[in-house]
Structures are given as C-alpha cells and as structure tokens.
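Worksheet: the structure to be examined is printed underneath.
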Amino acid sequence: MEQSREVFRVGTDGVLLGALADVNNAGHVLEVGTGTGLISLMLAQRNREALFLGIDIQQEAVDLTRLNFENSPFHDRLENKLQDFKTFGSDRKFDLIVSNPPYFEESGSTKDKIARQIIELNGQQLISKASELLSPTGILSVIIPFESGDRWLKISGKLGLNLIRKVNIKGIEGSKVKRLILEFSLMDKPLKETELIIEKSPRKYSDQYLELTKEFHVF
C-alpha cells in the first residue's frame with residue numbers, strides 16, 4: 001500500500017477498525033475520512049460483494065486513496081472523492097458508515113490539523129450526519145479513545161442511535177482500556193461487548209490480534 005508524508009499514515013486504529021467493523025451484511029459502505037484507503041480496502045477483502053465510497057476533505061488523501069484503490073483487486077467496487085462530510089448529500093442510504101474520526105487537539109503539522117483536529121469534524125457532527133444516511137438496519141462503526149466514550153454515548157442517545165456493539169481495546173495485557181470500537185444503529189438490539197488485547201508483552205502481539213489480522217499482513 002502506498003503512503004505519503006502529506007497524509008496521516010496507517011496506524012493500529014485503522015487496522016483494528018478494518019478488521020472488526022461489522023461489514024457482513026452490508027451492500028453499500030461509506031468511509032468518512034479515508035486517509036490512505038486502508039479501512040475500505042480491508043472491508044472490501046472481508047465482504048466480496050459490497051460497494052464502497054470513501055470521502056476525505058484533503059486532496060492529497062483523495063489522490064493517495066485513489067491510487068491504492070486502483071491498485072487493489074477490488075478496484076471495481078471502490079470509489080472515492082474529495083468531500084466534506086458535513087456537507088455530504090446522498091440519495092442512497094448506507095448499510096455501514098465507518099470512520100476513524102479526528103480526536104487529537106491542534107498539532108503542528110498541516111496533515112494532522114486536517115486529519116486529526118476536533119474542529120474539522122466532531123463527534124456530534126459525525127453521529128448526526130450518519131443518522132441521516134444510514135439504512136433502517138445500517139450501522140455506524142467508529143474507533144475512538146476510551147475517554148471519549150461517554151460523550152459519544154450521550155450524543156448518540158439524543159440523536160436516536162442505539163449502541164449495539166462495544167469492543168474494549170487494551171494496548172497490552174494488564175493495562176487499562178485505551179480505545180473503543182463502538183457500533184450504533186437505528187435498530188434497538190441487545191448490546192454485544194467484547195475485549196481485545198493488542199500485545200501480550202512489549203512488542204509481542206497477542207494471539208488474539210495475530211488471529212484477527214492474519215489475512216491482512218505478514219508478521
């Protein structure tokens with residue numbers, strides 16, 4: 001996969017979301033903030049029928065995603081374009097909307113200011129817009145810092161989305177939860193909650209993580 005100094009690089013969060021987001025029953029998938037296109041590519045590998053649209057606010061990210069999409073075996077099902085999600089409109093409803101949203105406050109670099117600033121796209125904007133674009137059985141799937149979890153739950157509740165899945169992610173065995181994968185739906189379903197540990201010891205991936213990602217990269 002191609003990467004660039006101008007675009008936020010592939011990280012563990014994206015890999016986890018690409019490997020865990022519930023894409024099984026999706027026919028149409030929207031990724032908000034594609035970066036390199038990694039998440040959509042992983043999801044396209046997991047679901048061989050779904051059609052994907054990726055959007056990003058940064059031209060460099062759009063160009064890079066397009067290159068990675070074109071070079072993939074799933075290129076005929078992958079589309080991307082330059083688009084601000086806050087002004088995105090579509091007659092189509094999506095079965096899955098997936099995003100690794102911004103959560104860092106302002107930093108020094110231009111790419112981080114665009115890809116990771118809360119001012120660009122905050123949780124309320126993402127949830128509100130997604131609720132308008134989801135199909136009746138559709139899912140919004142995001143990965144966020146643990147500290148943001150309560151705020152996201154409050155916002156989603158006010159906007160009529162129900163939490164149906166929660167994955168508590170620990171960086172290393174015995175540590176505190178550092179990330180959450182949260183999945184919301186207009187449907188009211190029983191919550192499924194699980195735990196994932198990335199490393200069993202420093203720089204040694206857990207068996208759980210290796211099993212989860214074995215189809216996507218070689219260790």
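Yes or no, residue by residue, for (1) over 19 Å from VAL167 (Cβ atoms); (2) open to solvent by less than 60 Å² (accessible area, probe 1.4 Å); (3) modelled with pLDDT of 95 or more:
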| residue | (1), (2), (3) |
| --- | --- |
| LEU17 | no, yes, yes |
| GLY27 | yes, yes, yes |
| GLY35 | yes, yes, no |
| ALA50 | yes, yes, yes |
| ILE57 | yes, no, no |
| GLU60 | yes, no, no |
| ARG92 | yes, no, yes |
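Filter segment 177-196 for residues that are touching a Ser or Thr at 6+ places or on another chain (Cβ under 9 Å) and open to solvent by 30 Å² or more (accessible area, probe 1.4 Å) and give the result. If you could, list the steps in order and put the result at the bottom.
Looking only at segment 177-196, we keep the residues that are touching a Ser or Thr at 6+ places or on another chain (Cβ under 9 Å), and these are 179-187, 196.
Listed by number, the residues that qualify are ARG179, LEU186, MET187.
Evaluate segment 191-198: report whether one residue or more is hydroxyl-bearing (Ser, Thr, Tyr), free of Cβ contacts under 8 Å to residues at least 40 places away in the same chain and touching a strand residue (DSSP E or B) at 6+ places or on another chain (Cβ under 7 Å).
As a first pass, look at segment 191-198 and keep what is hydroxyl-bearing (Ser, Thr, Tyr): 194.
If we keep only those that are free of Cβ contacts under 8 Å to residues at least 40 places away in the same chain too, we end up with 194.
Keeping just the survivors that are touching a strand residue (DSSP E or B) at 6+ places or on another chain (Cβ under 7 Å) gives 194.
Yes - at least one qualifying residue is present in segment 191-198.
Does segment 164-191 hold any residues that are under 23 Å from SER128 (Cα atoms) and out of contact with any Leu (no Cβ under 8 Å at 6 or more places or on another chain), and which are they?
Pass one, segment 164-191, residues under 23 Å from SER128 (Cα atoms): 164-167, 179-191.
Within segment 164-191, LEU180, MET187, ASP188, LYS189, PRO190 meet the criteria.
Within segment 61-86, residues that are under 11 Å from THR36 (Cα atoms) and among the charged types (D, E, K, R) reach partners that are outside any loop (DSSP other than H, G, I, E, B) and at pLDDT 95 or above with beta carbons closer than 7 Å, at six or more positions or on different chains, in the pairs ARG66/ASN80.
Anything in segment 56-76 that is under 16 Å from VAL98 (Cα atoms) and touching a strand residue (DSSP E or B) at 6+ places or on another chain (Cβ under 6 Å)? List them, or say none.
Taking segment 56-76 first, the residues under 16 Å from VAL98 (Cα atoms) are 56-57, 65.
Result: THR65, single match.
Restricting attention to segment 129-176, the residues that are surrounded by fewer than 17 Cβ atoms within 10 Å (Cβ to Cβ), free of Cβ contacts under 8 Å to residues at least 40 places away in the same chain and either acidic (Asp, Glu) or out of contact with any Asp or Glu (no Cβ under 6 Å at 6 or more places or on another chain) (or both) add up to 16.
Take segment 65-90 and flag every residue that is part of a loop (DSSP other than H, G, I, E, B) and of a type in the set (Phe, Trp, Tyr). Break it down stepwise before answering.
Initial filter on segment 65-90 (part of a loop (DSSP other than H, G, I, E, B)): 71-74, 83-84, 88-90.
Within segment 65-90, PHE74, PHE88 meet the criteria.
The residue that is most open to solvent (accessible area, probe 1.4 Å), counting only those in segment 199-216 that are in contact with a helix residue (DSSP H, G or I) (Cβ under 8 Å, 6 or more places away or on another chain) and under 24 Å from ILE97 (Cα atoms), is GLU215.
Quick check: is even one residue across segment 56-64 closer than 18 Å to SER141 by Cβ, within 17 Å of the chain's Cα centre (by Cα) and not in a helix (DSSP H, G or I)?
Applying the first criterion (closer than 18 Å to SER141 by Cβ) to segment 56-64 yields 56.
From what's left, within 17 Å of the chain's Cα centre (by Cα): 56.
Remaining after also requiring not in a helix (DSSP H, G or I): 56.
Yes, the conditions are met somewhere in segment 56-64.
Of all residues in segment 37-48, those that are over 24 Å from TYR205 (Cα atoms), of a type in the set (A, V, I, L, M, F, W, C) and open to solvent by 10 Å² or more (accessible area, probe 1.4 Å) total 0. Of the residues making up segment 135-178, those that are assigned to a helix (DSSP H, G or I) and among the aliphatic types (A, V, I, L, M) are LEU153, ILE155.
Within segment 89-100, residues that are over 9 Å from HIS28 (Cβ atoms) sit with their Cβ atoms under 6 Å from residues that are among the acidic types (Asp, Glu), at 6+ positions apart or across chains, in these pairs: VAL98/GLU31; ASN100/ASP13.
The values are calculated or read from the model by the stated rules, or taken from the named source; none is laboratory data. Quick caveat, the model's predicted, so the values are computed rather than measured. All Cβ positions, glycine included, derive from the backbone under ideal geometry; neighbour counts span all protein chains shown. We work out accessible area using only protein heavy atoms, side chains counted, and drop any ligands, DNA or RNA first. Shrake-Rupley method; radii C 1.70, N 1.55, O 1.52, S 1.80 Å.
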